[in-house]
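Q: Below is one structure. I have some questions about it.
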Amino acid sequence: MSRARAKGTAAETQVVAYLQSMGFIHAERRALNGAKDRGDIAGVPSTVIEVKSQLKAELAEWLKETQTERDNDKALWGVIWHKRRGKQFPGQWYVTTSGEDFVKLLRMALGIEDQ
């Protein structure tokens, strides 16, 4: 296993452990799906999670990848969970999404019906 892949696997494992500790007991690392990738973490309903463990953020590229994976999975939204410099705990990392997906999350959380 390459060093980069090992780093990514470790980050995904940390995010899964954090999600499970927060009550998402079905969260798990997802097997690779080739051309029809559906994100790194499964088991969180309606959600695609792409985990990144890179110091140089390429948000535009990552967001495009995450939106493709969201569509491949037929999920409602997709997020990028990415490491934050100097922070080892996933609860202190960043989570980024598009404005469109963020509004979907807010509407659902607040119980606002679709128009």
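Q: Can you pull out the residues in the stretch 1-46 that are outside any helix (DSSP H, G or I), in contact with a Ser or Thr (Cβ under 9 Å, 6 or more places away or on another chain) and under 16 Å from T66 (Cα atoms)?
A: Result: R29, D37, G39, I41.
Q: Let me ask another. So I112 clears everything in (1) in contact with a Pro (Cβ under 8 Å, 6 or more places away or on another chain); (2) assigned to a loop (DSSP other than H, G, I, E, B) except one condition, right? Which one?
A: If we test I112 against (1) in contact with a Pro (Cβ under 8 Å, 6 or more places away or on another chain); (2) assigned to a loop (DSSP other than H, G, I, E, B), just (1) comes out false.
Q: Test L63 against the stated conditions and say whether it is farther than 17 Å from R38 by Cα and either hydrophobic (A, V, I, L, M, F, W, C) or within 14 Å of the chain's Cα centre (by Cα) (or both).
A: The answer is no for L63.
Q: If I go through the stretch 68-107 residue by residue, how many of them are out of contact with any strand residue (DSSP E or B) (no Cβ under 9 Å at 6 or more places or on another chain) and assigned to a helix (DSSP H, G or I)?
A: Adding up the residues that qualify gives 6.
Q: Further, regarding this structure: From the set of residues in the stretch 1-28 that are within 19 Å of V48 (Cβ to Cβ) and of a type in the set (D, E, K, R), which is surrounded by the most Cβ atoms within 10 Å (Cβ to Cβ)?
A: Ranking the qualifying residues of the stretch 1-28, first place goes to E12.
Q: Here's something else I'd like to know. Any chance the stretch 76-86 includes a residue that's on the phi > 0 side of the Ramachandran plot, of a type outside the set (S, T, Y) and either surrounded by 14 or more Cβ atoms within 10 Å (Cβ to Cβ) or at pLDDT below 95 (or both)?
A: yes
Q: What are the pairs with Cβ atoms under 6 angstrom where one residue, in the stretch 1-28, is touching a residue at least 40 places away in the same chain (Cβ under 8 Å) and within 15 Å of D40 (Cβ to Cβ) and the other, located anywhere, is aromatic (F, W, Y) and crowded, with 17+ Cβ neighbours inside 10 Å? Sequence gap at least six, or different chains.
A: Note: pairs meeting the criteria are V15/W81.
Q: Quick one: how many residues across the stretch 47-67 are over 19 Å from R29 (Cβ atoms), assigned to a helix (DSSP H, G or I) and acidic (D, E)?
A: So the answer is 1.
The values are calculated or read from the model by the stated rules, or taken from the named source; none is laboratory data. Fair warning: this is a prediction, and the values are worked out from it, not measured in the lab. Please note: Cβ atoms are built from the backbone with ideal geometry, for glycine as well, and neighbour counts cover all protein chains shown.
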